[in-house]
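Novice: Below is a structure I'd like to ask you about.
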Amino acid sequence: MTRKIWVFDTTLRDGEQVPGAKLNLIEKLEVAQQLKKLKVDIMEAGFPASSKGDFQAVKEVASKVGNTDDVIITALARAVKADIDAVYNSVKYAVNPLIHIVLGTSDIHVEKKFGKSKGQILDIGVEAVKYAKTLLPDVQYSTEDASRSDFEYLWSTIDAVVKAGATIINVPDTVGYAVPEEFGELIYKLNDRLKNLNDKVLLSVHCHNDLGMATANTLAAIKNGADKVECTINGIGERAGNAALEEVVMALHTRSSIYHAHTNINKKEIMNTSRLVSSFMGLDVQVNKAITGGNAFAHSSGIHQDGLLKSRDAYEIISPVEIGLEDMELILTARSGRHAVRNALEKLGFQSLTDQQFEGVFEGFLALADAKKEVYNHDLYVLVENYYKEQEESQDVMYSDQFFELVDLQVISNTTFPSASIHLKKGDVVMKSSSVGSGPIDALYSAISDVCGLDVKLIEYQISSVSRGKEALGKVKIQVEYKGETYTAKATDTDIMKASALAYINVINNIVVENLILVNQ
């Protein structure tokens, strides 16, 4: 048997404190619905005393998302009556409401932030819990900056608020100061005393990432008796962020023999939740971030690709399917080896290439990869066709006739009439189209769709800089839906409009490739 670890998600409170990440009511509700689908145990919906808008948002989450008994809805209050009232009056509409109170316990907070004595702060905390208990049966008390607090004072605070009625004690590493060894020891000592005091009270942790150890500290706490963890999606939050929910959950799952603990999280919803939060908050996920980063399951090294094709566990400890992704992604670059390229060609239907033919195609692949950085499946078709042409060997199908190629484009951006004209080539056929849209990208993609004749729905559009200065490269990544299937493509160029067009054409050609594979099969 393994212990169940309660997952408290604070994306909608601590995560929303990131500058520029504020959500409107509709967005907040949609993220809350997705968090419920993810099966978090407790959802912190906001800080209702901070504004009328946040109060209303928490109230809506409580009534519309917390309307079943499978999720607890809470919100944050300082240890003052007005804050506690705001939390109660906003979360009381949930089936399972919870009041969350926070008050500092470190000397820095007690003396410098509050300007009071330790005894006065302890009394304030006790009175706050007693008042909250008159409103709701479940109250969480957070000892802010616990990792920098005097241990005996910290414990005396916990002892007092538990006797006052607190049902969850949260121990925050508020400024990311702790290291795993000392934080684990702190939780071990607190857990030992708390379980002797009242074994029904949950012990929780809330770790920040200022020194890059939020996930490690959280896992150390679990190993030393913590019952509950507070996290955010993608690790967002104040300053350097919080412990990332997806990292904690997958570490417990992957290394279950070490932690002897599990969560109720629906792991297949991890990527959907990550993408939704990233999109709504406008916070890009670092590409090499664990679990949810764009490169977390992408392999471009020839050595790695060769090992993976021989045995998945050579370089993969988590299957991407487990978190809601498609299968592993082997990205073809100049670093890809023969095994990966041959595997990709065989998947496209070229199983009968001789060793000599493959070497000829592979030579062309390396030249293209050096120039293009990433090689797509439609490029492989053209490489095979070019090889046959060079060798004057017969071929039944002219693959290049199936794919679209950018010739030229013109985009006009203004506030009243954004428009775009596109000039594409498919084999020897030249096609042109013009369109207007709600913005320049909408107009550009409408013109390309008109030429290609495919009913494609744009799901995600991301643009970022991959270099610096006047000649900086703009990288565009898009995801589209076509006939119920999703397709992703990227492109880079110093002209972001051209990069946007190339990415869209790449994704169109990916769709064409799927049809060619079906034909070849």
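The values are calculated or read from the model by the stated rules, or taken from the named source; none is laboratory data. Keep in mind that what you see is a predicted model, and the values were worked out from it rather than measured. Methodologically, a virtual Cβ is constructed for each residue, glycine included, from the backbone with ideal geometry; neighbour enumeration extends over all protein chains shown. SASA here: full protein model, heavy atoms, side chains in, ligands and nucleic acids out. Shrake-Rupley method; radii C 1.70, N 1.55, O 1.52, S 1.80 Å.
Novice: Here is a check on your reading of the model: is Asn264 assigned to a loop (DSSP other than H, G, I, E, B) and at pLDDT 90 or above?
Specialist: yes
Novice: Any residue in the range 353-368 that is at pLDDT below 80, surrounded by fewer than 17 Cβ atoms within 10 Å (Cβ to Cβ) and either closer than 18 Å to Glu390 by Cβ or touching a helix residue (DSSP H, G or I) at 6+ places or on another chain (Cβ under 8 Å) (or both)? Steps first, answer last, please.
Specialist: Keep residues of the range 353-368 that are at pLDDT below 80, which gives 368.
Retained after the next criterion (residues that are surrounded by fewer than 17 Cβ atoms within 10 Å (Cβ to Cβ)): none.
Checking the range 353-368: not a single residue is at pLDDT below 80, surrounded by fewer than 17 Cβ atoms within 10 Å (Cβ to Cβ) and either closer than 18 Å to Glu390 by Cβ or touching a helix residue (DSSP H, G or I) at 6+ places or on another chain (Cβ under 8 Å) (or both).
Novice: So is Glu246 farther than 25 Å from Lys113 by Cα, in contact (Cβ under 8 Å) with a residue 60 or more places away in the chain, part of a helix (DSSP H, G or I) and not aliphatic (A, V, I, L, M) or not?
Specialist: For Glu246, the condition - farther than 25 Å from Lys113 by Cα, in contact (Cβ under 8 Å) with a residue 60 or more places away in the chain, part of a helix (DSSP H, G or I) and not aliphatic (A, V, I, L, M) - is met.
Novice: Of the conditions (1) touching a Lys or Arg at 6+ places or on another chain (Cβ under 7 Å); (2) without any contact (Cβ under 8 Å) to a residue 12 or more places away in the chain; (3) farther than 23 Å from Thr157 by Cα, Ser90 clears all except one; give me its number.
Specialist: (2)
Novice: Now, a different point. From the residues in the range 313-336 that are more than 17 Å from Lys490 (Cβ to Cβ) and of a type in the set (Ser, Thr, Tyr), which one is modelled with the highest pLDDT?
Specialist: Among residues in the range 313-336 that are more than 17 Å from Lys490 (Cβ to Cβ) and of a type in the set (Ser, Thr, Tyr), the one modelled with the highest pLDDT is Ser319.
Novice: Sticking with this one: Among the residues of the range 135-158, is any open to solvent by less than 40 Å² (accessible area, probe 1.4 Å), in a helix (DSSP H, G or I) and touching a Gly at 6+ places or on another chain (Cβ under 8 Å)?
Specialist: For the range 135-158, residues open to solvent by less than 40 Å² (accessible area, probe 1.4 Å), in a helix (DSSP H, G or I) and touching a Gly at 6+ places or on another chain (Cβ under 8 Å): present.
Novice: Within the range 1-23, how many residues are at pLDDT 95 or above and open to solvent by 50 Å² or more (accessible area, probe 1.4 Å)?
Specialist: Matching residues across the range 1-23 total 3.
Novice: What residue, among those in the range 169-179 that are hydrophobic (A, V, I, L, M, F, W, C) and closer than 23 Å to Asn198 by Cα, is surrounded by the most Cβ atoms within 10 Å (Cβ to Cβ)?
Specialist: So, considering only residues that are hydrophobic (A, V, I, L, M, F, W, C) and closer than 23 Å to Asn198 by Cα, the one surrounded by the most Cβ atoms within 10 Å (Cβ to Cβ) is Val171.
Novice: Based on this model, can you work out whether Ala86 counts as open to solvent by less than 20 Å² (accessible area, probe 1.4 Å) and touching a strand residue (DSSP E or B) at 6+ places or on another chain (Cβ under 6 Å)?
Specialist: no
Novice: Limited to the range 1-31, what total is found for residues that are more than 24 Å from Asn170 (Cβ to Cβ) and assigned to a helix (DSSP H, G or I)?
Specialist: Qualifying residue count, the range 1-31: 5.
Novice: Here is a follow-up. Of the conditions (1) surrounded by 22 or more Cβ atoms within 10 Å (Cβ to Cβ); (2) part of a helix (DSSP H, G or I), Ala166 fails just one. Which one is it?
Specialist: The one condition Ala166 does not meet is (2).
Novice: Only one of (1) of a type in the set (D, E, K, R); (2) in contact (Cβ under 8 Å) with a residue 24 or more places away in the chain; (3) farther than 22 Å from Ile233 by Cα fails for Lys52. Which number is that?
Specialist: The failed condition is (2).
Novice: Condition first: open to solvent by 40 Å² or more (accessible area, probe 1.4 Å) and in contact with an Asp or Glu (Cβ under 8 Å, 6 or more places away or on another chain). Now tell me which residues in the range 430-457 satisfy that.
Specialist: The answer is Lys457, and nothing else.
Novice: Can you tell me how many residues within the range 93-149 are over 24 Å from Cys207 (Cα atoms) and under 32 Å from the mean Cα position of the chain (by Cα)?
Specialist: Within the range 93-149, residues that are over 24 Å from Cys207 (Cα atoms) and under 32 Å from the mean Cα position of the chain (by Cα) number 4.
Novice: Note down all Cβ pairs under 6 Å where the first residue falls in the range 479-492 and is in a strand (DSSP E or B), the second is open to solvent by 30 Å² or more (accessible area, probe 1.4 Å) and charged (D, E, K, R), and they're at least six residues apart or on different chains.
Specialist: Gln479/Glu460; Glu481/Lys457; Lys490/Lys477; Thr492/Lys475
Novice: Okay, next question. Would you tally the residues in the range 24-58 being surrounded by fewer than 21 Cβ atoms within 10 Å (Cβ to Cβ), closer than 24 Å to Glu144 by Cβ and in contact with a helix residue (DSSP H, G or I) (Cβ under 6 Å, 6 or more places away or on another chain)?
Specialist: 2
Novice: Go through the range 64-121 and give me each residue that's in a loop (DSSP other than H, G, I, E, B), among the hydrophobic types (A, V, I, L, M, F, W, C) and in contact with a Leu (Cβ under 6 Å, 6 or more places away or on another chain). Don't jump to the end; show me each part of the working.
Specialist: We begin by selecting, within the range 64-121, every residue in a loop (DSSP other than H, G, I, E, B); these are 65-71, 79-80, 92-96, 105-106, 114-117.
Pick out the ones that are also among the hydrophobic types (A, V, I, L, M, F, W, C) and you get 65, 71, 79-80, 94-95, 114.
Across the range 64-121, the qualifying residue is only Ala79.
Novice: Moving on. If I ask for residues that are in contact with a Phe, Trp or Tyr (Cβ under 9 Å, 6 or more places away or on another chain) and of a type outside the set (Lys, Arg), which ones from the range 25-46 would you list?
Specialist: Glu27, Glu30, Val31, Val40, Asp41, Ile42, Met43, Glu44, Gly46
Novice: Of all residues being of a type in the set (Asp, Glu) and within 26 Å of Ile291 (Cβ to Cβ) in the range 320-352, which is least open to solvent (accessible area, probe 1.4 Å)? Just the residue, please.
Specialist: Restricting to residues being of a type in the set (Asp, Glu) and within 26 Å of Ile291 (Cβ to Cβ), the top hit is Glu322.
Novice: Something else about it: Please indicate, with yes or no, whether at least one residue in the range 196-204 is open to solvent by less than 20 Å² (accessible area, probe 1.4 Å) and either assigned to a strand (DSSP E or B) or of a type in the set (Lys, Arg) (or both).
Specialist: Within the range 196-204, one or more residues are open to solvent by less than 20 Å² (accessible area, probe 1.4 Å) and either assigned to a strand (DSSP E or B) or of a type in the set (Lys, Arg) (or both).
Novice: OK, next. Looking at Leu409, Leu473, which is the one that is in contact (Cβ under 8 Å) with a residue 12 or more places away in the chain, open to solvent by 30 Å² or more (accessible area, probe 1.4 Å) and under 32 Å from the mean Cα position of the chain (by Cα)?
Specialist: Leu473
Novice: Here is a further query. Given (1) surrounded by fewer than 23 Cβ atoms within 10 Å (Cβ to Cβ); (2) assigned to a loop (DSSP other than H, G, I, E, B); (3) modelled with pLDDT of 95 or more, where does Glu182 come up short, assuming only one miss?
Specialist: (2)
Novice: Take the conditions at pLDDT 80 or above, surrounded by 15 or more Cβ atoms within 10 Å (Cβ to Cβ), under 28 Å from Phe403 (Cβ atoms) and among the aliphatic types (A, V, I, L, M) and apply them to Leu309. Does it pass?
Specialist: no
Novice: Please find, among Leu444, Leu454, Leu383, the residue that is among the aliphatic types (A, V, I, L, M), within 21 Å of Thr486 (Cα to Cα) and at pLDDT below 90.
Specialist: Working: Leu444 fails: at pLDDT below 90; Leu383 fails: within 21 Å of Thr486 (Cα to Cα).
From the options Leu444, Leu454, Leu383, the qualifying one is Leu454.
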